[in-house]
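**Student:** My questions all concern the structure below.
The values are calculated or read from the model by the stated rules, or taken from the named source; none is laboratory data. The shown structure was predicted, so the numbers you read here are calculated from the model rather than taken from an experiment. In this analysis, Cβ positions are derived from the backbone assuming ideal geometry, glycine residues included, and neighbour counts consider all displayed protein chains. These area figures cover heavy atoms from the full protein model, side chains too; ligands, DNA and RNA do not enter into them. Shrake-Rupley method; radii C 1.70, N 1.55, O 1.52, S 1.80 Å.
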Amino acid sequence: SSGSFDDRVGQHRNAIDAATAAGVEHVVYTSGPKASTSSILLLADHRATEEALATSGLAWTALRNGWYVENYTAQVPTYLEHGMVGSAGEGKVSLVLRRELGEAAAAVLTGEGHAGKVYELGGEAVTLTELAAILSEVTGSSIAYTDVPVETFQGILAGAGLPEPLPLIFSDVDRGIAAGELYVDPSDLTALLGRPATGVADAAREALAG
């Protein structure tokens, strides 16, 4: 999937059209958790792309990748300085290493029988309070999680200099976590990997070491 926020769905439709014109037999798309039903703003483009694939005439598979543990480990320097702030409440987010999602994709691309399938790919699920405790243990420094209203979190992100529309998009992700929309049953990922995904603590250690 494209990293653009400008015309992501348009870019995806162009890729689908090009695949059709080139005679591609099977498209594997990296989507997002519960894309067809999620209310999270960031996942609307995934839903629209899955709908475009469904009407394309192509054989396709959706890999609904769970949240990367790297989304959080990349922010550890900020957490160490300012603490961890969010609006996820007691909602759980299923975290997974990027490389394990890549491994799952490789299994689909090189295997058989995946056309028409939708895989929800997530690892161990934790609250952000639990994640802060894990990151404290991994780093050897105290990281506290502070939960604030979504509007407050959006304002904090804007005040930190994030360009629009990122404060709205990222604060809305936490709203979705609180609503349970980023919890993913781990069974699909376990089946594709042939083993359980790496637990959050070990995944965080690996990501920070990299």
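**Student:** Say we join alpha carbon atoms closer than 10 Å with springs in a Gaussian network model of the chain; which of G199, G111, G89 then has the biggest fluctuation?
**Tutor:** The residue that fluctuates most here is G111.
**Student:** Ranked from the most accessible area to the least, with a 1.4 Å probe and all protein chains present, what is the order of T110, T20, T190, T73?
**Tutor:** Descending accessible area places them as T110, T20, T190, T73.
**Student:** Another one. Would you calculate the separation in nanometres between label points at A179 and R98, each defined as 7 Å from the Cα along the Cα-to-beta-carbon direction?
**Tutor:** Each label point lies 7 Å from its Cα, and together they span 2.8 nm.
**Student:** While we're on this one: Assuming R0 = 45 Å, what is the FRET efficiency of S56 and L162, from their Cβ-Cβ distance, to the nearest 0.05?
**Tutor:** 0.85
**Student:** What residue among A115, A22, A107 shows peak mean-square fluctuation when the chain is described by a Gaussian network model with Cα springs under 10 Å?
**Tutor:** Ranking A115, A22, A107 by mean-square fluctuation puts A22 first.
**Student:** Could I ask something else about it? Rolling a 1.4 angstrom probe over the protein heavy atoms, how many square angstrom per residue are accessible across region 65-136?
**Tutor:** That works out to 42 Å² for each residue.
**Student:** Taking only Cα atoms of region 40-95, what ratio of Rg to Rh do you get with Rh as the Kirkwood inverse-distance radius?
**Tutor:** 1.14
**Student:** So what are the three principal axis dimensions of region 59-157 from its Cα atoms, in whole Å, longest to shortest?
**Tutor:** Over region 59-157, Cα extents along the principal axes are 47, 31, 20 Å.
**Student:** Sticking with the crude label model, points 7 Å out along Cα→Cβ, report the distance from A115 to A22 in nm, one decimal please.
**Tutor:** A separation of 1.8 nm, rounded to one decimal place.
**Student:** Still on this structure, please answer the following. DSSP loop (so not H, G, I, E, B), at most 16 other Cβ within 10 Å: list which GluC sites (Glu not before Pro) in region 12-64 pass both filters.
**Tutor:** Loop-located and lightly packed - E25.
**Student:** To continue, here is another question. Say each of A107 and T190 gets a label point 7 Å from the Cα, pointing the same way as Cα to Cβ; how far apart are those two points in nm?
**Tutor:** Output for this residue pair reads 1.1 nm.
**Student:** Count the net charge of all other residues whose Cβ sits under 15 Å from the Cβ of G111, scoring Lys and Arg as +1 and Asp and Glu as -1.
**Tutor:** -3
**Student:** With all pairs of different alpha carbon atoms counted, what Kirkwood hydrodynamic radius in Å does the chain show?
**Tutor:** Kirkwood radius, the chain: 18.0 Å.
**Student:** Just flag the GluC sites (Glu not before Pro) in region 96-157 sitting in loop per DSSP whose Cβ has no more than 13 other Cβ atoms within 10 Å.
**Tutor:** When the GluC sites (Glu not before Pro) of region 96-157 are filtered for loop state and at most 13 Cβ neighbours within 10 Å, E112 remain.
**Student:** Sticking with this structure for a sec: Across every pair of different alpha-carbon atoms, what Kirkwood hydrodynamic radius in Å does region 116-210 reach?
**Tutor:** After inverting the mean inverse Cα-Cα distance, the result is 15.4 Å.
**Student:** Over the residues of region 13-79, compute the C-alpha Rg and express it relative to 2.2 N^0.38 Å.
**Tutor:** 1.37
**Student:** Next question, about the same structure. Considering only DSSP states other than H, G, I, E and B, which chymotrypsin sites (Phe, Trp or Tyr not before Pro) in region 45-80 qualify as loop sites with at most 13 other Cβ atoms within 10 Å?
**Tutor:** Sparse-neighbourhood loop chymotrypsin sites (Phe, Trp or Tyr not before Pro): none present.
**Student:** Can you tell me the accessible area per residue over region 1-52, all protein chains present, probe 1.4 angstrom, in square angstrom?
**Tutor:** With the other protein chains kept in place, region 1-52 gives 51 Å² per residue.
**Student:** Roll a 1.4 angstrom probe over the protein heavy atoms and tell me the percent of accessible area of region 67-210 that is carbon or sulfur.
**Tutor:** Carbon-and-sulfur percentage of accessible area, whole number: 56.
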